[in-house]
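To start, the structure under review is shown below, and the notes come after it.
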Amino acid sequence: MGVDLRQVVAGVLTLTMFVMLGNMIKRDHFDSVEGKFPGARDVEFDSEKVSEQGLVTFSKKSTNGPWVEGGLELKPCWKESNFDDVESKGFVTFSLTNGPEYHVSQIADAVVVARYIGATLVLPDIRGNKPGDERKFEEIYDVEKFVKSLVGVVKVVKGLPEDVSIRDFAVVKVPNRVSEDYIAEQIEPVFRTNSNIRLATFFPSVNMRKTTKTSASGPVACLAMFGTLELQPEVNEVVDSMIERLRTLSRKSDGRFIAVDLRVEILDKKGCHGSSATGTKSCFSAQEIAIFLRKIGFGKDTTIYLTQPRWDESLDVLKDIFPKTYTKESILPADKKAKFLESEDSEFEKVIDFYMCSQSDVFVPAISGLFYANVAGKRIASGKTQILVPADIPGTSSSVTNHFSPYISKKNHLAHSCFC
């Protein structure tokens with residue numbers, strides 16, 4: 001029987017079309033699956049929606065959990081060249097207290113006040129919670145960077161002249177995120193009378209959400225909060241070495257790790273029990289964090305760093321589910337433990353935790369508060385937007401996009417007013 005050449009050609013074309021169609025389906029399938037993770041539903045649509053908002057892009061490098069790529073590092077909206085020189089009259093002194101999450105805000109308030117009233121800012125000392133627990137600014141932060149960043153904004157000196165006594169300073173209370181109206185009404189009159197004042201910042205709220213109000217001091221506050229503080233070299237090297245150690249331990253997740261702010265002594269306090277007035281929990285235990293991370297798709301090989309100073313038996317349940325869970329005592333370089341871990345002063349430990357949480361691939365605040373808020377600000381500025389707020393998840397799984405911090409998903413953090 002003869003073969004019709006036209007039928008043969010048609011058959012070949014038909015087969016080729018099916019092969020091409022199969023390859024297209026296969027490619028589309030893997031492209032969408034790479035963006036998914038265990039327990040996620042319609043992640044490709046969620047990630048596309050979030051990406052359009054400029055927040056996150058799902059990683060295609062690893063399937064070991066719902067990791068997302070970091071966003072672009074943002075550029076500051078303020079310009080130093082826009083600040084006019086202010087003639088300096090009198091001095092403003094203050095101290096940094098309670099840890100680095102407070103230092104960021106205290107610096108911003110002091111700079112805003114000093115510029116508004118036209119005073120010279122004296123480099124602050126750093127005070128811990130115990131009486132007599134004091135450190136010099138340069139023991140933790142880079143003095144040269146701090147002074148240089150404020151040139152043209154406020155004059156900064158390392159100490160008072162010999163003929164000026166701190167005993168003659170009037171103490172003025174300053175609310176965090178101080179307004180120009182408050183300065184004009186409550187602070188400036190005292191400064192005009194005394195010429196020198198000492199600021200005592202208090203925190204009526206730990207809310208760091210941006211406001212719709214515009215202020216002439218806004219750019220100054222942004223610069224002071226996000227452009228002045230850097231760790232001095234030795235402390236910075238310790239943080240870098242700990243991060244490198246965690247990345248080495250995280251080969252199965254492409255060097256990524258999660259930082260969880262979880263401190264047992266705070267979880268034990270009364271304020272952590274029950275829910276807030278809004279019905280949301282303010283603290284989560286190690287067991288609750290472990291279950292949360294598993295339900296949103298992180299696998300057992302995930303590396304986790306905890307801010308808890310020393311290992312506590314209550315953390316065992318987290319390590320049972322995530323064996324690669326560490327506190328700083330197990331990853332801090334041995335030659336640095338005496339200074340940074342075994343001293344009675346916990347200031348170094350707080351600083352290490354703050355910067356570890358600011359630079360991790362994922363940050364999970366098990367405790368709400370200013371630490372969470374100001375770590376979020378630093379992460380937004382550097383494009384590290386994977387901040388996941390824990391929740392008691394009903395059922396067996398949940399999409400990671402359901403748990404992005406409102407600071408990220410709604411872009412309502414103060415940092416979004418400072419960076420473009």
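Just so you know, all these numbers are worked out from the coordinates, no wet-lab data involved. Here the structure is a predicted model, which means the values were calculated and not measured. For neighbour counting, all protein chains shown are included, and Cβ atoms are generated from backbone atoms with ideal geometry for every residue, glycine included.
For the reader, a short list of remarks on this structure follows.
- Cα gyration tensor category, rounded, prolate or oblate, for segment 65-184 with a/c compared to 1.5: oblate
- Cα-based shape type of segment 308-349, given that a ≥ b ≥ c are square roots of the gyration tensor eigenvalues and the cut on a/c is 1.5: prolate
- Computed from the Kirkwood radius of its Cα pairs, the Stokes-Einstein diffusion coefficient for segment 229-321 at 25 °C and 0.890 mPa s stands at 162 µm²/s.
- Estimated FRET transfer efficiency (Glu185, Cys272; beta-carbon r; R0 56 Å; 0.05): 0.90
- Length added when fully stretched, Asp163-Arg127, from 0.36 nm per residue minus Cα-Cα: 10.5 nm
- Within the shell of other residues whose beta carbon sits under 11 angstrom from the beta carbon of Ile183, the net charge comes to -4, with Lys and Arg scored +1 and Asp and Glu -1.
- Sequence-distant residues sharing a close amide H with Ile304 (under 5 Å, placed H): Ile258, Thr325, Tyr326
- Using only alpha carbons, segment 277-389 has a radius of gyration to Kirkwood radius ratio (Rg to Rh) of 0.96.
- Table column - 3J(HN,Hα) (Hz), segment 107-123, Karplus curve with 6.51, -1.76, 1.60, x for Gly and Pro: 4, 4, 5, 5, 5, 4, 5, 4, 5, 4, 8, x, 10, 8, 8, 8, 3
- Note on Arg135 and Arg198: the model spin-label points, each 7 Å out from Cα along the C-beta direction, lie 2.1 nm apart.
- FRET efficiency estimate (nearest 0.05) - Cβ-Cβ, Cys77 to Glu230, R0 30 angstrom: 0.90
- Inter-part distance where segment 354-420 and segment 192-271 are each reduced to a Cα centre, Å: 13 Å
- Modelled label reach - Lys300, point 7 Å along Cα→Cβ, segment 308-334 residues with backbone N closer than 17 Å: 316-326
- Label-to-label distance, nm, for residues given as Asn207 and Lys339 (7 Å Cα→Cβ offset): 4.2 nm
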